[in-house]
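Following: one structure in C-alpha coordinates, then a few remarks.
The values are calculated or read from the model by the stated rules, or taken from the named source; none is laboratory data. Here the structure is a predicted model, which is why all the values come from computation and not from measurement. Here the Cβ is made from the backbone with ideal geometry for all residues, glycine too, and neighbour counts use every protein chain on show. These accessible areas exclude ligands, DNA and RNA; they are computed on the full protein's heavy atoms, side chains included. Shrake-Rupley method; radii C 1.70, N 1.55, O 1.52, S 1.80 Å.
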Amino acid sequence: MPDLSFRIEEVAVIPFAAAPTLGFKLRIENAVARETIHTVALRCQIQIEVTRRRYTAEEQSRMRDLFGEPDRWSQTLRNLLWTHAHVVVPSFQGSTVADLLVPCTFDFNVAATKYFEGLTDGEIPLHLMFSGTVFYAGSDDVLQVAPISWEQETKFKLPVKVWRAMMASYYPNCVWLNLRRDVFERLYQYKTQRGIPTWEQALEEVLAIEETVNS
(Lines give C-alpha, C1' and ligand atoms only; values in the text may rest on other atoms or scores of the structure.)
Protein backbone atom coordinates (compact mmCIF):
# COMPACT_ATOMS: atom_id res chain seq x y z
CA MET A 1 0.00 0.00 0.00
CA PRO A 2 1.40 3.45 -0.88
CA ASP A 3 2.90 5.61 1.85
CA LEU A 4 2.79 9.09 0.32
CA SER A 5 4.35 12.29 1.64
CA PHE A 6 4.04 15.82 0.30
CA ARG A 7 6.10 19.01 0.25
CA ILE A 8 6.10 22.29 -1.66
CA GLU A 9 9.37 22.99 -3.47
CA GLU A 10 8.61 26.44 -4.91
CA VAL A 11 5.87 28.77 -6.08
CA ALA A 12 5.52 31.03 -9.09
CA VAL A 13 2.91 33.27 -10.73
CA ILE A 14 1.07 31.62 -13.63
CA PRO A 15 0.94 34.19 -16.47
CA PHE A 16 -2.10 34.76 -18.67
CA ALA A 17 -4.51 32.59 -16.68
CA ALA A 18 -8.24 33.38 -16.58
CA ALA A 19 -7.77 34.70 -13.02
CA PRO A 20 -4.73 35.47 -10.85
CA THR A 21 -3.17 32.07 -10.19
CA LEU A 22 -0.24 30.77 -8.19
CA GLY A 23 1.46 27.54 -9.22
CA PHE A 24 2.91 25.48 -6.36
CA LYS A 25 5.44 22.79 -7.29
CA LEU A 26 4.24 19.86 -5.19
CA ARG A 27 6.72 17.02 -4.59
CA ILE A 28 4.98 13.69 -3.92
CA GLU A 29 7.07 10.78 -2.67
CA ASN A 30 6.09 7.18 -2.10
CA ALA A 31 8.03 5.33 0.59
CA VAL A 32 7.46 2.13 -1.42
CA ALA A 33 9.78 3.23 -4.24
CA ARG A 34 9.09 0.44 -6.76
CA GLU A 35 5.32 0.54 -6.39
CA THR A 36 3.45 1.84 -9.45
CA ILE A 37 1.08 4.67 -8.71
CA HIS A 38 -1.47 4.90 -11.52
CA THR A 39 -3.27 8.11 -10.46
CA VAL A 40 -3.68 10.33 -7.43
CA ALA A 41 -6.88 12.38 -7.15
CA LEU A 42 -5.70 14.92 -4.62
CA ARG A 43 -7.58 17.52 -2.61
CA CYS A 44 -5.78 20.24 -0.67
CA GLN A 45 -7.03 22.65 1.98
CA ILE A 46 -4.76 25.66 2.50
CA GLN A 47 -4.83 27.63 5.74
CA ILE A 48 -2.93 30.79 6.70
CA GLU A 49 -1.19 30.40 10.06
CA VAL A 50 -1.42 34.04 11.07
CA THR A 51 0.22 33.55 14.49
CA ARG A 52 3.45 32.20 12.98
CA ARG A 53 4.91 35.58 11.97
CA ARG A 54 5.57 39.01 13.44
CA TYR A 55 3.76 42.17 12.31
CA THR A 56 5.13 45.68 12.01
CA ALA A 57 3.22 48.68 13.36
CA GLU A 58 2.14 49.53 9.80
CA GLU A 59 0.84 46.01 9.22
CA GLN A 60 -1.05 46.06 12.51
CA SER A 61 -2.73 49.30 11.45
CA ARG A 62 -3.66 47.88 8.03
CA MET A 63 -5.27 44.82 9.63
CA ARG A 64 -7.56 46.51 12.14
CA ASP A 65 -10.53 45.73 9.91
CA LEU A 66 -9.62 42.04 10.08
CA PHE A 67 -8.41 41.45 13.64
CA GLY A 68 -9.40 44.59 15.55
CA GLU A 69 -7.07 46.64 17.74
CA PRO A 70 -3.59 45.10 18.24
CA ASP A 71 -4.05 44.88 22.02
CA ARG A 72 -6.79 42.28 21.38
CA TRP A 73 -4.79 40.18 18.92
CA SER A 74 -4.03 37.53 21.53
CA GLN A 75 -7.77 36.74 21.37
CA THR A 76 -8.63 37.52 17.74
CA LEU A 77 -5.68 36.01 15.81
CA ARG A 78 -6.74 32.61 14.47
CA ASN A 79 -5.81 30.54 11.43
CA LEU A 80 -7.60 31.69 8.29
CA LEU A 81 -8.96 29.30 5.69
CA TRP A 82 -7.52 30.55 2.40
CA THR A 83 -8.81 28.15 -0.25
CA HIS A 84 -9.21 24.61 -1.54
CA ALA A 85 -7.32 23.22 -4.53
CA HIS A 86 -7.45 20.01 -6.54
CA VAL A 87 -5.02 18.18 -8.81
CA VAL A 88 -4.99 14.84 -10.63
CA VAL A 89 -1.48 13.37 -10.60
CA PRO A 90 -0.55 10.96 -13.44
CA SER A 91 1.31 7.69 -13.09
CA PHE A 92 4.71 7.58 -11.38
CA GLN A 93 7.08 5.44 -9.36
CA GLY A 94 9.08 6.68 -6.38
CA SER A 95 8.42 10.42 -6.63
CA THR A 96 7.01 13.04 -8.95
CA VAL A 97 6.32 16.79 -9.08
CA ALA A 98 2.80 18.07 -9.77
CA ASP A 99 1.55 21.59 -10.44
CA LEU A 100 -0.90 22.58 -7.72
CA LEU A 101 -2.72 25.57 -9.23
CA VAL A 102 -4.34 27.99 -6.78
CA PRO A 103 -6.64 30.69 -8.24
CA CYS A 104 -6.62 33.87 -6.15
CA THR A 105 -9.22 36.58 -5.68
CA PHE A 106 -8.70 40.31 -5.26
CA ASP A 107 -12.10 40.73 -3.59
CA PHE A 108 -11.66 42.75 -0.39
CA ASN A 109 -14.75 41.13 1.12
CA VAL A 110 -12.62 37.98 1.44
CA ALA A 111 -10.59 37.74 4.66
CA ALA A 112 -7.53 36.20 2.96
CA THR A 113 -7.32 39.12 0.51
CA LYS A 114 -7.45 41.62 3.36
CA TYR A 115 -4.69 39.69 5.10
CA PHE A 116 -2.39 39.49 2.06
CA GLU A 117 -2.90 43.16 1.22
CA GLY A 118 -2.19 44.14 4.83
CA LEU A 119 1.32 42.66 4.72
CA THR A 120 4.16 44.87 3.53
CA ASP A 121 6.98 42.33 3.35
CA GLY A 122 8.23 38.98 4.59
CA GLU A 123 6.49 35.64 4.21
CA ILE A 124 3.00 34.19 4.59
CA PRO A 125 3.02 30.97 6.67
CA LEU A 126 0.81 28.37 4.99
CA HIS A 127 -0.46 25.03 6.25
CA LEU A 128 -1.48 22.60 3.49
CA MET A 129 -3.57 19.53 4.36
CA PHE A 130 -4.14 16.78 1.82
CA SER A 131 -6.79 14.16 1.23
CA GLY A 132 -8.10 12.21 -1.74
CA THR A 133 -7.69 8.85 -3.39
CA VAL A 134 -4.68 6.94 -4.75
CA PHE A 135 -4.97 4.24 -7.42
CA TYR A 136 -2.03 1.83 -7.46
CA ALA A 137 -0.85 -1.58 -8.59
CA GLY A 138 -1.07 -4.24 -5.89
CA SER A 139 1.35 -7.11 -5.41
CA ASP A 140 -0.44 -9.10 -8.14
CA ASP A 141 -0.63 -6.04 -10.45
CA VAL A 142 -4.36 -5.75 -9.82
CA LEU A 143 -5.60 -2.17 -9.53
CA GLN A 144 -6.06 -1.16 -5.89
CA VAL A 145 -7.66 1.95 -4.37
CA ALA A 146 -6.77 3.60 -1.07
CA PRO A 147 -7.76 6.87 0.65
CA ILE A 148 -5.34 9.64 1.57
CA SER A 149 -5.79 10.79 5.15
CA TRP A 150 -6.06 14.45 6.23
CA GLU A 151 -3.07 13.62 8.45
CA GLN A 152 -0.92 14.19 5.34
CA GLU A 153 0.21 17.81 5.51
CA THR A 154 3.07 20.19 4.90
CA LYS A 155 4.00 23.80 5.60
CA PHE A 156 5.29 26.46 3.24
CA LYS A 157 6.24 30.13 3.51
CA LEU A 158 4.82 32.11 0.60
CA PRO A 159 6.84 35.30 -0.05
CA VAL A 160 4.61 38.37 0.12
CA LYS A 161 6.42 39.79 -2.92
CA VAL A 162 5.18 36.83 -5.03
CA TRP A 163 1.54 37.57 -4.18
CA ARG A 164 2.02 41.29 -4.83
CA ALA A 165 3.78 40.60 -8.13
CA MET A 166 0.87 38.42 -9.20
CA MET A 167 -1.75 41.06 -8.43
CA ALA A 168 0.35 43.80 -10.04
CA SER A 169 0.60 41.66 -13.16
CA TYR A 170 -3.12 40.95 -13.42
CA TYR A 171 -4.43 44.28 -12.05
CA PRO A 172 -1.73 46.93 -12.63
CA ASN A 173 -2.28 49.90 -10.31
CA CYS A 174 -5.85 48.70 -9.62
CA VAL A 175 -7.89 47.01 -6.90
CA TRP A 176 -11.35 45.42 -7.00
CA LEU A 177 -14.14 46.83 -4.85
CA ASN A 178 -17.30 44.76 -4.48
CA LEU A 179 -20.37 46.89 -3.70
CA ARG A 180 -23.97 46.09 -2.84
CA ARG A 181 -26.32 46.76 -5.76
CA ASP A 182 -28.14 49.64 -4.02
CA VAL A 183 -24.87 51.35 -3.10
CA PHE A 184 -23.61 50.98 -6.66
CA GLU A 185 -26.84 52.48 -8.05
CA ARG A 186 -26.51 55.52 -5.78
CA LEU A 187 -22.89 56.04 -6.78
CA TYR A 188 -23.78 55.50 -10.47
CA GLN A 189 -26.52 58.14 -10.29
CA TYR A 190 -24.15 60.56 -8.56
CA LYS A 191 -21.56 60.01 -11.30
CA THR A 192 -23.94 60.38 -14.26
CA GLN A 193 -25.92 63.34 -12.89
CA ARG A 194 -22.73 65.36 -12.46
CA GLY A 195 -21.13 64.21 -15.70
CA ILE A 196 -18.12 62.72 -13.91
CA PRO A 197 -16.14 60.68 -16.49
CA THR A 198 -14.50 58.03 -14.26
CA TRP A 199 -15.30 56.10 -11.10
CA GLU A 200 -12.06 57.28 -9.51
CA GLN A 201 -13.08 60.93 -9.93
CA ALA A 202 -16.53 60.21 -8.52
CA LEU A 203 -15.08 58.59 -5.42
CA GLU A 204 -12.49 61.35 -5.02
CA GLU A 205 -15.26 63.96 -5.12
CA VAL A 206 -17.33 62.09 -2.52
CA LEU A 207 -14.30 61.69 -0.27
CA ALA A 208 -13.44 65.38 -0.63
CA ILE A 209 -16.96 66.32 0.48
CA GLU A 210 -16.70 63.96 3.46
CA GLU A 211 -13.31 65.43 4.46
CA THR A 212 -14.75 68.98 4.23
CA VAL A 213 -17.71 68.07 6.43
CA ASN A 214 -15.47 66.45 9.06
CA SER A 215 -12.84 69.21 9.10
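To the nearest 10 square angstrom, what accessible area does Ser61 show with a 1.4 Å probe?
60
Helix-only estimate, please: 222 nm mean residue ellipticity of the chain, summing -39500 (n - 2.57) across DSSP H runs of length 4 or more and dividing by its residues, to the nearest 500. Intermediate values should be presented prior to the final figure.
Values: 7 runs with 62 residues, N = 215.
Using -39500 (n - 2.57) per qualifying helix, the result is -8000 deg cm²/dmol.
Could you calculate the FRET efficiency of Val145 with Val97 from 1/(1 + (r/R0)^6), where r is the beta carbon distance between them and R0 is 22 Å, rounded to 0.05?
Details: r = 23 Å, r/R0 = 1.06.
Once the sixth-power term is evaluated, E becomes 0.40.
Output ³J(HN,Hα) for the range 186-199: one whole-Hz value per residue in order, computed from phi by the Karplus curve 6.51 cos²θ - 1.76 cosθ + 1.60 with θ = phi - 60°, and x for Gly and Pro.
So the Karplus estimates, Gly and Pro as x, are 5, 5, 5, 5, 4, 5, 6, 5, 9, x, 7, x, 10, 5 Hz.
Quick one: longest stretch of the chain between exposed loop trypsin sites (Lys or Arg not before Pro), exposed meaning at most 13 other C-beta atoms within 10 Å and loop per DSSP? Could you put the intermediate results ahead of the total?
Numbers: sites that count: Arg34, Arg54, Arg78, Arg180, Arg194.
It runs 79-179.
Through the Karplus equation 6.51 cos²θ - 1.76 cosθ + 1.60, θ set to phi - 60°, convert the phi angles of the range 103-118 into ³J(HN,Hα) values in whole Hz; use x for Gly and Pro.
With coefficients 6.51, -1.76 and 1.60, one gets x, 10, 9, 10, 7, 7, 7, 9, 4, 4, 5, 4, 5, 4, 5, x Hz.
Using only alpha carbon positions, build the gyration tensor of the range 95-215, then give the equivalent ellipsoid semi-axes as the square roots of 5 times its eigenvalues, largest first, whole angstrom. Mind showing how you got there, number by number?
Values: eigenvalues 464, 62, 34 Å².
The answer is 48, 18, 13 Å, longest axis first.
From the phi angles alone, apply the Karplus equation (6.51, -1.76, 1.60; θ = phi - 60°) to the range 47-63 and give each ³J(HN,Hα) in whole Hz, x where the residue is Gly or Pro.
Those phi angles translate into 10, 9, 8, 5, 7, 9, 8, 8, 10, 6, 4, 5, 5, 4, 5, 6, 10 Hz.
Dipole of the chain (Lys/Arg Cβ +1, Asp/Glu Cβ -1, origin at the Cα centre): which of Val213, Asn79, Ser149 lies farthest to the positive side?
Val213
Run through every distinct alpha carbon pair of the chain and return the Kirkwood hydrodynamic radius in angstroms, one decimal place. Write down the numbers at each step before the final one.
Details: mean 1/r = 0.0490 Å⁻¹.
The Cα-based Kirkwood calculation yields 20.4 Å.
Could you tell me which of Ser169, Leu119, Gly195 has its Cα farthest along the dipole of the chain towards the positive end, charges placed at Cβ (Lys, Arg +1; Asp, Glu -1), taken about the Cα centre?
Result: Gly195, furthest along the dipole toward the positive end.
Leaving ligands, DNA and RNA out of it, rank His84, His38, His127 by accessible area with a 1.4 Å probe, largest first.
Numbers: His84 95, His38 75, His127 20 Å².
The ranking, largest first, comes out as His84, His38, His127.
Once the Cα atoms of helix 160-170 and of the chain are each reduced to a long axis, what angle between those two axes, in degrees from 0 to 90 to the nearest 10, is obtained?
That helix lies at roughly 70 degrees to the long axis.
Provide, for q = 0.24 Å⁻¹, the log10 of I(q)/I(0) from a solvent-free Debye sum over equal Cα point scatterers in the range 12-106.
Those come out to -1.19, one per q.
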